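These notes concern the structure reproduced below.
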Amino acid sequence: MEKTPHIAIVPSPGMGHLIPLVEFAKKLKNNHNISATFMIPNDGPLSTPQRVYLDSLPTGLNHIILPSISLNDLPQDARMETRISLMITRSIDPIRQAFKSLVAETNMVALFIDLFGTDAFDVAIEFGVSPYVFFPSTAMALSLFLHLPKLDQMVSCEYWDLPEPVQIPGCIPVHGRDLLDPIQDRKDDAYKWVLHNAKRYMMAEGIAVNSFKELEGGALKALLEDEPGKPRVYPVGPLIQSGSSSDADGSECLRWLDGQPCGSVLFISFGSGGTLSSNQLNELALGLELSEQRFIWVVRSPNDRPNATYFNLHGHEDPLGFLPKGFLEKTKDIGLVVPSWAPQAQILSHSSTGEEGKPIRSRIRDLKDAAANVLSKDGCSTKTLDQLMDSDCIKVDLENDSTKNDEVESMETQDIKDNDDNNVGAKRKQKDQSIVWNYFSKLNQPSIGGKLQCKCNKCKHVFIYDSKTGTVFYEATSSAKIEDLKDFALPNELQSLVPLVDYGVSDLHELPLVMVQFNQLSCGGISLGIGISNILADGASASHFTEEWARIAQRHTTQLSRFKHKRYEPNPPLIGRSDDLEERNKETKIVILHLNKNQVQKLEDTVKKSRPAGISCPFSRFEALAGGHIWRCGSKARGHQPTNKTKHCC
């Protein structure tokens, strides 16, 4: 019997992350019969609201509380983003163990993480499962995240020092000082972690964002545009808690509201990460007492560190104990103080929380109607969710409950003609996906793993797109034996054991970048024939790919794209400097050099005379021009010292 498709979800800490992910999982369960397991990282006991919420998950949604990790080594002022990212990173081993069990027991089709959980991608890739991002925030924030790696390279100063606003794709220009708080200090670990996660978003098969076009049309228009290396974006929102899954925990608030006059109650909450100092807590309490305004106040333990309560909702101390003496008694007839968490959606929808701000409420009603429309059966968000579930990476797995790493679905069989009378070769099963594609499409370097594609019909530029169709995987059976391979110098009659490229195709983009042929020999042995375009990988990276394939097949931890290669090493700084930022920010100029035949010959003769002893082969004309004359001219023009270290990649 075919198993129900299953996904794993790793949420970041905080109810603001957990609730949208649960609503997302409910949609998948109700609309597509996909079950889910939440793997909950933590650094201690969960808060009461979190425990109640998780324990009340509907049938088909399960959760695993991972072993607690310690963050005690972090400085007291470590920011929330640093703590969240490290919590995920230090939980990788428990995530791997839990994921391994789920892969063995379920038809695992995908892993979803949210903002700061991209390190968990490595686990999904290790088991041949497609990784996805669920972005619970706005489309504008997602657009900034995807743009941040480029912005980081373009700007050398702090963003608040930029004289001109920052242009986020699809959004109105924003002054640097108004960007997200964690990226304001580029020397802080929080910025480094945000940038780290933003770069790894490119490893995802797709990104589901909790927004919709009627709310953020400009940002989503930019996000939905195809770009090399960028994952496809799926606007599936708004996903909010439509009904309380923890009625017992929020019923006191709602019963209290039922007894208040219509439009009379002020709701006060600072979100999951909101923090007040002791002085601010006292001032707010005093103001509420003197105002005689009816209120509901979600209060948390004070802390002078920003976002400190994000990780301390469970609190080792009762937050009500920090209120001014006598405050609760004096305000008991007009106010309700709730520790740590309250059902915000239910409170704000209650009739007693106010009639003021009618223009804003009218706009909210319009957005609510728009949200209801996009979430309806024929709405755009519902259709987008269907497209996400119909994507190749998930759809293929839905049709087959196999969990083997190298098992590939959607087979197309074709016959191969024998090269001679030895009857070598038989059938090839061409497969759209394989562990080969999983490797090349998940490398940290973007724009790797797709086809060659001309951007236009006029230029000769070639680009590499992140597309599964650039990888071809074959299976073949052969009457050959291991001993026929000898020293691996294949005779002509065994050439069909190696995948061949048809260079007679009319369009360049039809040429695959990676071809792998798995041969089953008549003696019971196997052979692999591998072809990798030199545009995609050189010898070092091709060898690394083969080694990593073996590691993945053996269920070992992979080291994707972390081998040493000159191209990815930092550029050597100029003498007397510690980095190359100043050089990188200099204006690039294009100069055309006109050399006649005699000048080229003179340069070639000069280079040949300077050939070091022990090198017998002559320098080519290209080496004489590019490596000799042009390189030296450029170095002199920029004032480089002869003893400065250099790096040359080709």
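FYI, it's all coordinate maths here, none of it is from the lab. All values derive from a computational prediction rather than experimental measurement. Virtual Cβ from ideal backbone geometry, glycine too; neighbours counted across all protein chains shown.
If contacts are Cα pairs under 8 angstrom and at least 6 residues apart, what is the relative contact order of region 573-637 in percent?
This gives 24 percent for region 573-637.
Evaluate the relative contact order of region 82-210 (contact order divided by residue number), counting alpha-carbon pairs under 8 angstrom at least 6 apart; express in whole percent.
Values: 161 pairs, mean separation 37.7, N = 129.
In percent, rounded to a whole number, it is 29.
Taking a ≥ b ≥ c as the square roots of the Cα gyration tensor eigenvalues, with a/c under 1.5 meaning rounded and otherwise prolate when a/b beats b/c, else oblate, which class fits region 164-209?
On the way: a/c = 2.85, a/b = 1.20, b/c = 2.38.
Oblate, because a/c is 1.5 or more while a/b does not exceed b/c.
With a cut-off of 12 Å, note down the residues of region 116-148 whose backbone N falls inside the zone around a label point 7 Å from the Cα of Glu105 toward its beta carbon.
Residues passing the 12 Å test: none.
Assigning unit charges at the beta carbon (Lys, Arg +1; Asp, Glu -1) and nothing else, what dipole magnitude in debye, to the nearest 20, does region 573-637 show about its Cα centre?
360 debye
State whether region 39-182 is rounded, prolate or oblate according to the following rule on the C-alpha gyration tensor (a ≥ b ≥ c being the square roots of its eigenvalues): a/c under 1.5 gives rounded; otherwise a/b larger than b/c gives prolate, and the remaining case gives oblate.
On the way: a/c = 2.13, a/b = 1.74, b/c = 1.22.
Cα axes put region 39-182 in the prolate bin.
Please give the length that would be gained between Asp580 and Lys325 if that part of the chain were fully extended, namely 0.36 nm times their separation in residues minus their C-alpha to C-alpha distance (nm, one decimal).
Value of the extension gain: 85.9 nm.
Once both labels are modelled 7 Å past Cα along the beta-carbon direction, what's the Lys645-Lys221 spacing in nm?
4.8 nm
Which of the pairs Lys609/Lys647; Lys29/Lys383; Lys26/Lys192 have their Cα atoms more than 26 Å apart in this structure?
Lys26/Lys192
Can you give me the distance in nm between label points at Ser291 and Leu348, each placed 7 Å from the Cα along the Cα-to-Cβ direction?
Using points 7 Å along Cα→Cβ, the separation is 1.7 nm.
Over region 1-144, what is the relative contact order in whole percent, taking alpha-carbon pairs under 8 Å and six or more residues apart?
Values: 211 pairs, mean separation 42.0, N = 144.
Relative contact order of region 1-144: 29 percent.
I'd like the FRET efficiency for Asn72 and Ile240, computed as 1/(1 + (r/R0)^6) with the beta carbon distance as r and R0 of 25 Å, rounded to 0.05.
0.10
Extension gain Ile268-Lys597, at 0.36 nm per residue separation less the Cα-Cα distance, in nm? Can you show the working numbers first?
Numbers: separation 329, 0.36 × 329 = 118.44 nm, distance 8.02 nm.
Result: 110.4 nm gained on full extension.
Projected onto the charge dipole of region 79-219 (+1 at Lys/Arg Cβ, -1 at Asp/Glu Cβ, origin at the Cα centre), which of Ala104, His147, Ala120 gives the Cα projection farthest towards the positive end?
Towards the positive end, the residue furthest out is Ala104.
Shape call for region 573-637 from the C-alpha gyration tensor, a ≥ b ≥ c root eigenvalues: rounded (a/c under 1.5), prolate (a/b greater than b/c) or oblate?
Oblate, because a/c is 1.5 or more while a/b does not exceed b/c.
Which length gain, in nm to one decimal place, applies between Ser610 and Leu284 when the Cα-Cα distance is subtracted from 0.36 nm times their residue separation?
Taking Ser610 through Leu284 to full extension adds about 109.4 nm, to one decimal.
Take the alpha-carbon centre of region 97-126, take the same for region 152-201, and report the distance between them in whole Å.
What the calculation gives is 29 Å, centre to centre.
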